[in-house]
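Structure, as structure tokens:
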Amino acid sequence: VVVAPPKEEIVTYVEEDAEFPGGYAEMMRFFQKNMKYPELAVQAGIQGKASLRFVVDKEGSISDVRVVKGVPNCPECDKEAIRVVRSMPKWKPGKVGGKAVKSYYNMPVTFKLQ
């Protein structure tokens, strides 16, 4: 009989949030440098905010990136936000009781024309 290892719980509320290396300001810089505004959205003048949710594991790897609320009329914007999140370097994991845990992270991504 093969016994599967218990599925690791994903913590919703942590004492210390998972964090992009260098903090929030570095994360914003990463987005500015790596995000490409979808051409269709530029032509149509589409702006808005996407809300993403993903998992940061104990090692800081990102997985299960999902759009919770997308940019209205712009699936290309949502796809681009997912692409950039997936390309991020490893994060500092969230912590509970001083120990690294697998946790959810919610992130707004704003698409704003200059």
Taking the stretch 21-49 and keeping residues open to solvent by 100 Å² or more (accessible area, probe 1.4 Å) and within 13 Å of the chain's Cα centre (by Cα) leaves 24
Taking the stretch 89-107 and the residues there that are touching a Pro at 6+ places or on another chain (Cβ under 9 Å) and surrounded by 19 or more Cβ atoms within 10 Å (Cβ to Cβ), the one that is nearest to residue 28 (Cα to Cα) would be 91
ask   = Just a yes or no: is a residue in the stretch 24-43 without any contact (Cβ under 8 Å) to a residue 40 or more places away in the chain, under 17 Å from residue 92 (Cβ atoms) and in a loop (DSSP other than H, G, I, E, B)?
value = no
Reported set for the stretch 72-88 where residues are surrounded by fewer than 13 Cβ atoms within 10 Å (Cβ to Cβ) and in contact with a Leu (Cβ under 6 Å, 6 or more places away or on another chain) is none
Margin query: Considering only the stretch 50-60, I want to know if a residue exists there that is open to solvent by 40 Å² or more (accessible area, probe 1.4 Å) and of a type in the set (Asp, Glu).
Written below: yes
For the stretch 47-92 the number of residues that are in a loop (DSSP other than H, G, I, E, B) and without any contact (Cβ under 8 Å) to a residue 60 or more places away in the chain is 11
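The values are calculated or read from the model by the stated rules, or taken from the named source; none is laboratory data. Please read all numbers here as calculations on a predicted model, not as lab measurements. Every residue, glycine as well, gets a Cβ built from its backbone with ideal geometry; the counts of neighbours run over all protein chains shown. What goes into the accessible areas is simple: the full protein's heavy atoms, side chains included, and nothing from ligands, DNA or RNA. Shrake-Rupley method; radii C 1.70, N 1.55, O 1.52, S 1.80 Å.
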